[in-house]
C-alpha cells in the first residue's frame with residue numbers, strides 16, 4: 001500500500017535538483033554551440049583571420065585617435081601645472097615691499113607658489129635676453145623695470161576660467177600695475193581638441209556600423225552555406241533558438257577576435273612610439289611617458305567588439321534565417 005499523503009496527486013519532485021538539471025542542460029547546450037562555432041572558424045583559418053583582421057583595423061582606428069587625444073590632454077595638463085601669472089608691480093614698489101606683498105599673497109588658497117624677481121634681477125635678465133644694452137645705458141644707471149611676482153595657481157585652480165579670475169583679482173590690487181596670463185593659446189588648443197574628439201566619436205560610430213555590416217555579411221554567407229543543414233534540422237523539429245545559437249556565437253567570436261587584434265595593433269604601435277616621444281619631450285626639458293592601453297580601454301575594445309559582432313549576427317539572422325524553410 002502506497003504511503004501517499006492527502007492532497008498529493010502524484011510523485012514528489014525535488015524542485016532544486018530539477019532546477020540544477022535545467023541550468024546544467026542550458027550551459028551544456030551553449031557550450032556545444034560555442035565550441036561548434038569555434039570549430040567552424042578553425043576549419044577556415046584563412047578567411048576567419050582575414051575577417052577578424054578587417055574588424056581589428058576598424059576597431060583600432062578610433063582607438064588610436066582616442067589614445068592620441070588622451071595623451072595630448074595629459075601633456076596639456078602638465079603644461080597647465082607650469083603656467084604662471086606674471087605680476088608687474090608699480091614703479092614705486094621696491095624689492096622689500098615686493099617681498100612683503102609676496103608673503104601676503106602666499107596665504108591665498110588659490111596660490112600654490114610665488115617667486116619674487118627683484119628689479120635688479122629683472123634688468124639683468126632683460127639685458128641677457130634682449131641685447132638692448134645701449135638703450136638701457138641711456139637711462140644713466142636708472143632701472144626702468146619693475147619688480148615681478150611669478151604666481152603659480154594651486155592644483156585645484158588650474159582650469160582656464162579660474163586662473164583668469166585669479167589674474168583679474170591680482171590686477172585689482174593697488175600695488176599691481178599689470179597681471180598677465182596668456183590663455184589664448186590654451187583655449188585655441190582646447191577648441192581644436194574638442195573638434196577632433198567629436199570627429200573621433202563620429203568615426204567610431206561609422207566604423208562600428210562597418211563592423212556590424214561585415215559580421216552581418218559573414219553570418220549571412222554562413223547561413224547560405226548551411227542552408228541544407230538548416231532545412232534538415234527544421235524537418236527534425238529543431239527550434240529557431242537551436243539553429244540561431246551557433247551563428248550568434250560565431251558573430252560574437254568574430255567581434256571578440258577583432259577586438260583582440262585591435263588591442264595588439266594599438267599596443268605594438270604605442271609601444272614603438274613611446275621611446276621617440278620621450279626623446280622629443282626631453283629636448284624641451286620635459287618628462288612625459290606615453291600612455292597606452294589601460295584596463296578601461298581594453299574592456300571597451302574587447303567588449304565592444306564582441307557586442308558589435310553579436311549585434312551584426314542578430315540582425316542578419318532575423319532577416320535571413322526565416323527564409324530558410326524545408327522544401
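Things worth noting here:
- Candidate set from region 192-212 (those that are in contact with a helix residue (DSSP H, G or I) (Cβ under 7 Å, 6 or more places away or on another chain) and more than 24 Å from residue 71 (Cα to Cα)); member that is surrounded by the fewest Cβ atoms within 10 Å (Cβ to Cβ): 210
- Only one of the numbered conditions (1) closer than 28 Å to residue 54 by Cα; (2) at pLDDT 75 or above is violated by residue 321, and that is (2).
- Selection of helices (runs of 4 or more DSSP H) fully inside region 152-267 by the criterion of at least 1 residues being not assigned by TED's automatic domain parsing to the domain that holds residue 104 returns 184-225, 227-235.
- Test: residue in region 284-293 that is assigned by TED's automatic domain parsing to the domain that holds residue 36, modelled with pLDDT of 80 or more, under 18 Å from the mean Cα position of the chain (by Cα) and under 30 Å from residue 68 (Cα atoms): yes
- Residue check, residue 64 surrounded by fewer than 18 Cβ atoms within 10 Å (Cβ to Cβ) and either assigned by TED's automatic domain parsing to the domain that holds residue 309 or modelled with pLDDT under 80 (or both): yes
- Residue match in region 251-267 (condition: without any contact (Cβ under 8 Å) to a residue 40 or more places away in the chain and more than 18 Å from residue 56 (Cα to Cα)): no
- Of the candidates 258, 222, 303, the single residue that is at pLDDT 90 or above and closer than 17 Å to residue 37 by Cα is 258.
- Among the candidates 303, 258, the residue that is closer than 30 Å to residue 213 by Cα and surrounded by 17 or more Cβ atoms within 10 Å (Cβ to Cβ) is uniquely 258.
- For the residues 139, 189, the requirement of being at pLDDT below 75, surrounded by fewer than 16 Cβ atoms within 10 Å (Cβ to Cβ) and more than 25 Å from residue 94 (Cβ to Cβ) singles out 189.
The values are calculated or read from the model by the stated rules, or taken from the named source; none is laboratory data. Everything quoted here is computed from the prediction, not taken from an experiment. Note that each Cβ is placed from the backbone with ideal geometry, even for glycine, and that neighbours are counted across all protein chains shown.
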